[in-house]
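Structure first, commentary second.
The values are calculated or read from the model by the stated rules, or taken from the named source; none is laboratory data. Quantities reported herein were computed from a predicted structural model and do not represent experimental measurements. Positions of Cβ are backbone-derived with ideal geometry, glycine not excepted, and every protein chain shown enters the neighbour counts.
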Amino acid sequence: MKKHVIGHLSFLRATAIGGIFFLLPLVVLLFFLGQIGQVVFAVAVQVQPLLGEYLGINDATGYALVFAIAVLLIVLACFVAGILAGRSVSRQFTGWVEKYLLMMFPRYAIFKEQLSGNIGGDIAKNRLKPVKVHLEGYSRLAFEVERFPEDASDASASVTLFLPGAPDPWSGTVIYTTGDRVEPVTAPFPDVLGAFEKLGTDTQKILQGISVHES
């Protein structure tokens, strides 16, 4: 009888824990969607009185239209900001803002790199490049921050590397080495970052150029 009860409790416990880990990503996603929703709602609150006065919007369809317009305004603002970002004056201003933002909020650089890694493509490129560095007696994954001269084929170039920690990849250290010890890795930035967060899981796939999403 006791073993039967313990067996049922173990099953309930395992099922509950499995449910928690299943729902956790969804909860995080809903949290971020909620943050975005607050921005959309704030814009909609400002737009609604104008549309309500001139267009007579008072029903559910009208309010849905207000929120749709609010989303379009936010997308338009991002598009305009993207155009301005290509101008030299705008880049200088952004650099000045980021300089003081980093002084007050150091983890801003981390969030920026993570966002760039998730967006990818030619528009949002990561400054940190995944590489494999050969050290004394072993090798490991790292991120190349910069090198001088910038020629990737120069074996004598001075290279600045960030060595991530695990499971928090942003708690690593910075080292300086030569270009002959650094080997580029073709894996995407988020995959390499995720390997550190998972205590090295998928590292062998990354080193062999295999997608971590392949079984």
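A few remarks follow.
- Those residues of region 165-204 which are over 13 Å from Arg140 (Cα atoms), part of a helix (DSSP H, G or I) and among the polar types (S, T, N, Q), in sequence order: Ser171
- Residue in region 140-155 that is surrounded by fewer than 17 Cβ atoms within 10 Å (Cβ to Cβ) and modelled with pLDDT under 80 present: yes
- Residue-level check: of (1) crowded, with 18+ Cβ neighbours inside 10 Å; (2) at pLDDT 90 or above, Phe189 misses just (2).
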